Amino acid sequence: MRTEFSILLIFVLGFSSSCQKGDATEGASSPNELAPPALDCNHDLASSGLAKHSWPYPIDHRDLRWTGKYEKVKLKLKPTHAAFVTATLSFRAGDLIEVLDSEVMITKPRRLLAKRDLSVKRKVMSQGIEVEREFFIAKAGEPVSFLFYNSRGHCMVDTDDGPAWIPCTLDDTFEGLSAERPFACEQQWWIQTQRSRADKGWMVVRPDRVERVGPPLDATK
């Protein structure tokens, strides 16, 4: 599981696992904290969100390389601990893990101040017709519950009506959001992988056992 969640942006094991650690053979039983310890997480915000088909920043680092000791990991039918076990894979240091799909469950938001007025567009029914309307979230300087940055110009934030995506960049939307610290306070990353036609399923990414793998140097050519 590729390069390392580093606080310096390589997202390598920088996802500090100061959260509770679960049994890796079952996929951590409690959320992995994927954020550097310097983040402002000393708050009581209780919102959460789910980013489907999304990779933590940087999005082009998708596959992973196993860096831990020899270990057997159970794959699940769905990205949830209660799901049926579909297969058991053995991993050794250096094994490449191809990631077919990715899902990030954010369990603790990060409190950030808006740099500009923020709003979200939602489709609503008006006189029997579906129309798109813009709803205010926060003014510049006001706090916002930040959940996820998808590396493609959108952030997930909490609103009065639940999680919502808004246009967002690392440098113009929130104070403190940057390539070095693009994460929420706590989140759990699930990936779908496959080793053979029969051995396919979902597993939790354990930052202390993998590193992220960047795209080939000629990928953009």
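If packing is taken as the average number of other Cβ atoms within 10 Å across a peptide's residues, how do 169-175, 152-158 rank, most packed first?
Answer by packing, highest mean first, reads 152-158, 169-175.
To the nearest 0.05, what FRET efficiency results for THR86 and ASP208 with a Förster distance of 35 Å applied to their C-beta separation?
0.90
From the backbone phi of region 138-153, what are the Karplus-calculated ³J(HN,Hα) couplings (6.51 cos²θ - 1.76 cosθ + 1.60, θ = phi - 60°) in whole Hz, Gly and Pro given as x?
Those phi angles translate into 7, 8, 4, x, 8, x, 9, 7, 8, 10, 7, 10, 8, 6, 10, x Hz.
Enumerate the amide H contacts of THR86 below 5 Å, restricted to partners 5 or more residues apart or on another chain; note that Pro and chain-start residues carry no placed amide H.
LEU75, LYS76, LEU77
Along the Cα-to-Cβ line of LEU113, 7 Å from the Cα, sits a label point; which residues in region 138-172 have backbone N less than 14 Å from it?
Residues passing the 14 Å test: 139-144.
Quick one: what are the phi-derived ³J(HN,Hα) couplings along region 193-207, Karplus 6.51/-1.76/1.60 with θ = phi - 60°, whole Hz, x for glycine and proline?
Working through the residues one at a time gives 9, 8, 9, 8, 4, 8, 8, 9, x, 10, 9, 7, 6, 9, x Hz.
Take the alpha carbon gyration tensor of region 49-212, find the square roots of its eigenvalues, order them as a ≥ b ≥ c, and report rounded if a/c is under 1.5; if not, report prolate when a/b exceeds b/c, else oblate.
prolate
With a 10 Å radius around each residue's Cβ, average the other Cβ atoms per peptide and rank 206-216, 83-93, highest first.
206-216, 83-93
Name the residues whose placed amide hydrogens come within less than 5 Å of the amide hydrogen of VAL210, ignoring near sequence neighbours (fewer than 5 apart) on the same chain.
Sorted by chain and number, the residues that satisfy this are THR67.
Bear in mind these aren't lab numbers, they're just calculated from the coordinates by the rules spelled out. Values in this document were obtained by computation on a predicted structure and should not be read as measured data. Quick reminder, even Gly has a Cβ in these numbers, built from the backbone with ideal geometry, and neighbours come from all protein chains shown.
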